[in-house]
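Read-outs: derived from the displayed coordinates by stated rules, not from any lab. Since the model is a prediction, treat every value here as computed from it, not as a measurement. We place every Cβ from the backbone using ideal geometry, glycine too, and count neighbours over all the protein chains shown.
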Amino acid sequence: MSAPTTTARPAPAQDRPGGRGRLRTPLLYTVASLGLLVMSAPFLWMALSAFKTRRDLTASPPVWIPSEWTLSNFGALLDQLDMPRYFLNSLIVAVLVTLCNLLFCSMLGYALAKLEFTGRSKVFGVVLAALMVPGNLLILPLYVLMTKLGLIDTYAGLVLPFAAGAFGVFLMRQFMQSIPDELLEAARIDGAGEWYIFWRIVLPLVKPALATLTIFTFLGSWNNFVWPLIATNDPDKYTLPVALATFANDPNRTVGGGNGMLMAGSLLVVLPVLLVFVVLQRHFTQGIATAGLK
């Protein structure tokens, strides 16, 4: 006598393999979208307020979308502030700081990763220790040093304290460690010097790390406020953040128009950083992905 056959009922959707995943994915996208909206809300408010009229800026309840788009805030800002001068100051300082970090951090990172010399581990220990020191603790000794060197109110005084950072050295050293030693040894056997190896072999292989360092360094230098505020007394040497902060504290500015000009100035400060990120985005994401595989 044959055993009775039973027909299995299909499992509920939430109990099927992959069912929970299909239900969880839309929820994750929803939460991520809400988080993105919350994080981008201040930027969107700033960008839209830069094109608002005085009436929209002082409206109650607040108005998100301008009822009338205008460029008057940018015109008034250019009339009251020497924006080309401040923009040029910020650009000079940020570009010089970025170039110095790319050069010095990559050189020191190469030495720590691929060259044998006495005290290499101790030097790397100093780099790690420097990563743990809060930057605000260095402001006073840096100011005393720059004063004694006569570099206050100069571009050199704004650039030299940040010409090389511990984070950049650590980043470049970690990336360069992944380069096979056999590749460098083969170049040395062929007669290549260390300088040639560094420029022609190592640097092209660490472009993602260079792009990552470029973004972080340029962003930090462009948005730096405390040190340029302390190290500059001459308004002609002000950077954009310092100039905007000085304008924001000016009691002579009107509330409505002044806020519109502040939003316009803030938008001008953000745009170069966004441009740098867009240009280097591919290398930056590649660098983050590569770092995750190490």
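Within 10 Å of each residue's Cβ, count the other Cβ atoms and sort S72, S266 from fewest upward. Write out the running numbers ahead of the final one.
Working: S72 15, S266 20.
Fewest-to-most Cβ neighbours within 10 Å comes out as S72, S266.
Going by average Cβ density within 10 Å per residue, which order do the peptides 227-235, 112-120, 88-96 take, highest to lowest? Walk me through the numbers on the way to the answer.
On the way: 227-235: 16.3, 112-120: 12.4, 88-96: 18.7.
Descending mean neighbour count gives 88-96, 227-235, 112-120.
In order along segment 102-118, the phi-based Karplus estimate (6.51 cos²θ - 1.76 cosθ + 1.60, θ = phi - 60°) of 3J(HN,Hα) comes to 4, 6, 6, 5, 5, 5, 5, x, 5, 5, 6, 8, 10, 10, 9, 8, 5 Hz; Gly and Pro are listed as x. Taking 7 Å steps out from each Cα toward its Cβ at Y196 and S40 produces label points 5.0 nm apart. Cross-link partners of K148 among aspartates and glutamates, defined as those whose alpha carbon lies under 19 angstrom from its own and excluding same-chain residues fewer than eight positions apart: D234.
Note on T246 and S72: with the Förster distance fixed at 22 Å, the Cβ-Cβ geometry gives a FRET efficiency of about 0.55. Note that segment 94-293 shows a convex hull volume over its alpha carbon atoms of 153 Å³ per residue. If R0 is 25 Å, what FRET efficiency do you get for L149 and L219 from their C-beta distance, rounded to 0.05? Working from the Cβ atoms, E equals 0.40.
Per-residue 3J(HN,Hα) values for segment 151-162, derived from phi via the Karplus relation 6.51 cos²θ - 1.76 cosθ + 1.60 with θ = phi - 60°, read 9, 5, 6, 9, 5, 4, x, 8, 9, 4, x, 10 Hz in sequence order (x marks Gly and Pro).
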